[in-house]
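S.K.: Quick one: the structure is below, questions incoming.
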Amino acid sequence: MVKLKTFKYIWLCVLLLLPLTMEAQVMDTGHKVDTLSTAERLSLRTNAVDWLLLVPNIGVEYDIRNTNWNRWSVGLNLRSNWQTSHTYKPGIVYNVTEARLEVRNYYRIRVFDGRFIEPKKHIWERVVSPRRAESKHPTTTFYRGGFIAYNNYSLMLGAEGKQGNAIIGGVMWGMIKPLYEFSNGNSLDLEFAASAGVAYAKYDTYTHERSDDCYPIQQTGKTTIMPVINELRVGFVYRFGKYPITKKYRWRYDADLAYQEMIDSTILANRNAAEAKHLSDSIYGKISNVFWDRYEQLAKKNKARNEKEAAEAKKAAEAKKVADKKAAEAKKAAEKQAAADKKAAEKAAAEEQKKAAKAAKEAHEANGANEANEAQSPNAPQSPNEAQEAQSPNEPQSPTEAPEANKPTEAPEPQSPESPESPQPEEEKKE
């Protein structure tokens, strides 16, 4: 149990340890790298807001590097106000015990110089960037960082209270303004900061029974994840040694001349290379633009010409294809007609031969019938000429008659198939 009188005694002892003579602090702008001792890297701090809420607290911070251009530090904060003594059970409960680990990154505002310090391009970079057009608070040092905390709490600000423990993680942002530097070299600073994050809490709920003067538990073992504001800080920082914050947490470029020369030479070399590349790219770009413009024009002309030639060739090929098709069809039709004509001629010749053979047969039959009739009538009267001829067979014949006697009998002309003559009956032939 911690009483308020105890804290009064602690503050009184702290004030007695501090010298009474103080002087204002001025920001250091020299170009020099200093090495800090262990005491100069150490500082104590406390939050006045927690003290107003009757929550005693203290914190310690230690710089990671021992140079004046170091801008990183780690810290540990402790605060506790648990079950203070009362003559009765109050209706408002605010009990907190917390241990918190911090990591901070300090920085000062850097003004644009037109050479190497230039504004960021993107708006999200400008929000967190220390680069500004002007420094409105040249003696102020800013910081940003993260924290993780573990606490036990019992809070009741209304009809229901919560008691449990929580793990909190988040980010913080703050500023430190130098107040005074004491005669022994120690210094005092004023700090403003805020911390927010996400908490995982496990707790029990309870109420306040005024009649029984107790806190009966309603529910147990509840868990939740919620956003929280972990700390609002208006505090004081006490630094040991003869190295106040006005000389610490500087940009290495401002304090280390060797580093500054190296950075400047690197930046100049990069810029020269970029300018040379830009110049070569611009010349090459112009030549390339002219070349590609001309190339595109020629390509378009060649494309149009090729398309025209391809269209003409396609048209000619289609015409040739149509002509070949027509020639093939004509040839096929001619071959078909020739075959039909040949077949018709062969058929006609066959019919003519057949008709000639039939006529010859009929003539032969007719001659045979005549001879048979003549043979059957030998006593028929003969004319005097015939008798004379028959009595004088050895009489010489005239030259004109001899060939006629020896002349073969001509075959009768074939009759046309359209009007064939039927053979005459034998009786008509005899007549």
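S.K.: Between beta-carbons, use under 14 Å as the cut-off and find the net charge around Gln353, counting Lys and Arg +1, Asp and Glu -1.
M.R.: Charge balance near Gln353 sits at +2.
S.K.: State, to one decimal in nm, how far the label point of Trp82 lies from the label point of Leu179, with both points 7 Å from Cα in the Cβ direction.
M.R.: 3.0 nm
S.K.: Follow-up. With every protein chain left in place, what is the accessible area of Glu352 in Å² (1.4 Å probe, nearest 10)?
M.R.: 100 Å²
S.K.: What's the FRET efficiency of Ile287 with Ala316 using the Cβ-Cβ distance as r and R₀ = 60 Å, to the nearest 0.05? Could you put the intermediate results ahead of the total?
M.R.: On the way: r = 43 Å, r/R0 = 0.71.
Step by step, r from the Cβ atoms, then E = 0.90.
S.K.: A follow-up question, please. What distance in nm lies between label points placed 7 Å from Cα along the C-beta direction at Trp251 and Ile267?
M.R.: Label-label distance for Trp251 and Ile267, simple model: 0.7 nm.
S.K.: A further question on this structure: At 1.4 Å probe size, with the rest of the protein present, what percent of the exposed accessible area of the stretch 241-306 is carbon and sulfur atoms? Don't skip to the end; give the middle numbers.
M.R.: Values: 2920 of 4840 Å².
Here carbon and sulfur together make up 60 percent of the probe-accessible area.
S.K.: Beyond 21 Å, what share of the Cα-Cα pairs of the stretch 183-257 is found? Please give it as a whole percent.
M.R.: Working: 1790 of 2775 pairs.
The share of Cα pairs beyond 21 Å in the stretch 183-257 comes to 65 percent.
S.K.: I've got another one for you. As a test of reading the structure, rank His31, His278 by solvent-accessible area (1.4 Å probe, protein chains only), most first.
M.R.: Most to least solvent-accessible, the answer reads His278, His31.
The values are calculated or read from the model by the stated rules, or taken from the named source; none is laboratory data. None of these values were measured; they are calculated from a predicted model. Glycine gets a Cβ as well: all are built from the backbone with ideal geometry, and neighbour counts include every protein chain shown. Calculation scope for accessible area: heavy atoms of the full protein, side chains included, ligands and nucleic acids excluded. Shrake-Rupley method; radii C 1.70, N 1.55, O 1.52, S 1.80 Å.
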